[in-house]
1. Please go through region B:209-230 and pick out each residue that is crowded, with 17+ Cβ neighbours inside 10 Å and farther than 17 Å from B:Y151 by Cβ.
2. Restricting attention to region A:18-63, which residues are buried (at least 20 other Cβ atoms within 10 Å of the Cβ), of a type in the set (A, V, I, L, M) and over 14 Å from B:Q72 (Cα atoms)?
3. Of all residues being of a type in the set (D, E) and either surrounded by 16 or more Cβ atoms within 10 Å (Cβ to Cβ) or part of a loop (DSSP other than H, G, I, E, B) (or both) in region A:64-88, which is modelled with the lowest pLDDT? Just the residue, please.
4. Looking only at region B:139-160, which residues are part of a loop (DSSP other than H, G, I, E, B) and out of contact with any strand residue (DSSP E or B) (no Cβ under 9 Å at 6 or more places or on another chain)?
5. Restricting to region B:157-173, give me the number of residues that are surrounded by fewer than 17 Cβ atoms within 10 Å (Cβ to Cβ) and either among the hydrophobic types (A, V, I, L, M, F, W, C) or at negative phi (or both).
6. Quickly run through region B:1-45 and pick out the residues that are within 9 Å of chain A (Cβ to nearest Cβ), part of a helix (DSSP H, G or I) and out of contact with any helix residue (DSSP H, G or I) (no Cβ under 9 Å at 6 or more places or on another chain).
7. Say whether the condition of being surrounded by fewer than 13 Cβ atoms within 10 Å (Cβ to Cβ), at pLDDT below 90 and in a helix (DSSP H, G or I) is met by at least one residue in region B:67-74.
8. Please specify each residue of region B:14-43 satisfying the condition of being under 23 Å from A:L101 (Cα atoms), surrounded by 15 or more Cβ atoms within 10 Å (Cβ to Cβ) and not basic (K, R).
Amino acid sequence: MADELDFESLVTRFYKALYQFAYSLTQSEPDACDLTQQTFYTWATKGHQLRDRSKVKTWLFSTLHHEFLNSRRRHKNFPHFELDVVETELPVVNPELVNRLDAGQVVAALSRIDEVYQAPVALFYLEDSSYKEIAEVLRVPIGTVKSRISRGLDQLYKQLEQSSKSKPRQGRSM
Amino acid sequence: MTPERAREVLFAYRPGVDSATDPDVALALETLKHNSELQKWFQDHSATQSSIRAKFREIGVPAGLSNRIILQKPKAPSRWNKQIVWAAAAAVILLIGIALLIQGQRPSYSFAAFRQKMVRTAMGNYDMPLMTNDLGAIREYVKARNGHGDYELTPGLSKLQGTGAVVFPWHSRTVSLVCLNAGKGKDVFLFVVNRKDLADPPSGQQVETIGKLSTASWVQQDKVYVLATKGDEVFLRSLL
């Protein structure tokens with residue numbers, strides 16, 4: 001891929017998904033725009049270091065996530081749960097309940113789950129990425145990704161249930 | 001596999017995306033086939049998952065974002081650096097090519113012109129960086145300065161003491177000058193130049209008086225030698 005062609009075609013191909021991922025993490029349009037732009041800026045200046053061009057998508061998402069973590073300056077050691085040791089009953093959420101929510105409410109629900117689960121869950125829904133790809137984006141082992149997604153979905157379902165009980169949001173559209 | 005375990009496995013399973021060949025998933029799907037309650041749960045769960053996925057993908061992107069990104073693209077230093085390096089390399093290659101071309105086309109100078117110039121050099125003022133009577137040191141000096149360190153002295157010259165040496169350019173060619181002392185105030189000058197640097201190197205030994213100096217010239221292997229000294233031809237020949 002030629003560099004010039006790369007940049008414009010990459011922007012066209014990935015900016016929407018990257019923005020949606022960024023928005024899922026930040027719940028802020030300006031922050032999501034900044035993260036998306038910063039990601040492509042980093043690509044323009046350092047993308048040539050990526051030798052395996054088939055990994056461009058993973059590289060972009062990983063860079064965005066890294067930028068997000070840097071911007072948050074959070075370097076916690078998150079607990080690592082395996083699903084089979086979490087003693088909770090799997091929640092059930094009716095699809096009609098979800099349909100009554102808008103995208104903003106779903107993202108807001110995501111923001112209320114533990115931060116360590118937010119990125120894997122967002123990638124789980126936004127991109128049809130395999131667990132292996134999500135693991136590469138987040139730079140964690142695949143087993144960790146699986147457990148974080150399961151745990152994150154569990155928390156998200158509970159938050160969605162809460163959202164459906166609250167009043168519909170006013171004055172904000174996605 | 002128990003239905004509870006099957007639910008756990010299928011909870012984060014995306015049909016069509018995640019591999020159904022994973023042993024746990026395969027077993028859970030097999031369990032699903034034989035459990036209508038589990039099937040109902042998975043159907044509802046998949047519908048919920050699809051709804052959530054659709055909501056995430058409804059996240060609106062600000063208008064003009066892609067254009068802003070493209071317009072704000074920085075000039076990639078790496079790319080420019082590469083271009084500069086390539087341009088510099090091309091320029092160097094071009095210059096080398098031109099230099100080689102010029103060298104290849106540079107005018108050839110005649111032996112007569114060379115000899116004339118060397119006599120004038122011997123008669124005029126010149127710097128002698130190395131002053132020594134040690135012939136070995138003179139040879140080493142000439143060699144170290146990319147002169148003609150493998151010059152050969154005639155039997156007559158080999159008997160003389162050294163005076164010094166200098167290596168100097170002549171029309172971008174290199175000339176080595178070995179100065180010897182023949183006694184009684186008689187300096188002997190031996191000039192050496194590459195044979196290929198002259199258009200018409202002497203075919204045999206040539207003895208000729210140029211100005212106030214007697215000269216003898218000859219070719220040996222790849223070099224042209226011009227011997228110049230004050231004195232008559234008899235003395236000159238005694239040095240050959």
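1. B:I210, B:L213, B:S214, B:K230, listed by residue number.
2. Once the filter is applied, which keeps residues that are buried (at least 20 other Cβ atoms within 10 Å of the Cβ), of a type in the set (A, V, I, L, M) and over 14 Å from B:Q72 (Cα atoms), region A:18-63 yields A:L18, A:A22, A:L25, A:A32, A:L60.
3. Here the residue is A:E82.
4. Selection gives B:K159 alone.
5. 7
6. If the condition is that a residue be within 9 Å of chain A (Cβ to nearest Cβ), part of a helix (DSSP H, G or I) and out of contact with any helix residue (DSSP H, G or I) (no Cβ under 9 Å at 6 or more places or on another chain), then B:E4 is the only one that fits.
7. Yes, some residue in region B:67-74 is surrounded by fewer than 13 Cβ atoms within 10 Å (Cβ to Cβ), at pLDDT below 90 and in a helix (DSSP H, G or I).
8. If the condition is that a residue be under 23 Å from A:L101 (Cα atoms), surrounded by 15 or more Cβ atoms within 10 Å (Cβ to Cβ) and not basic (K, R), then B:W41, B:F42 are the ones that fit.
The values are calculated or read from the model by the stated rules, or taken from the named source; none is laboratory data. Predicted model only: the values in this text are computed from it and were never measured. When we count neighbours, we look across all protein chains shown, and the Cβ atoms used for this are built from the backbone with ideal geometry, even at glycine.
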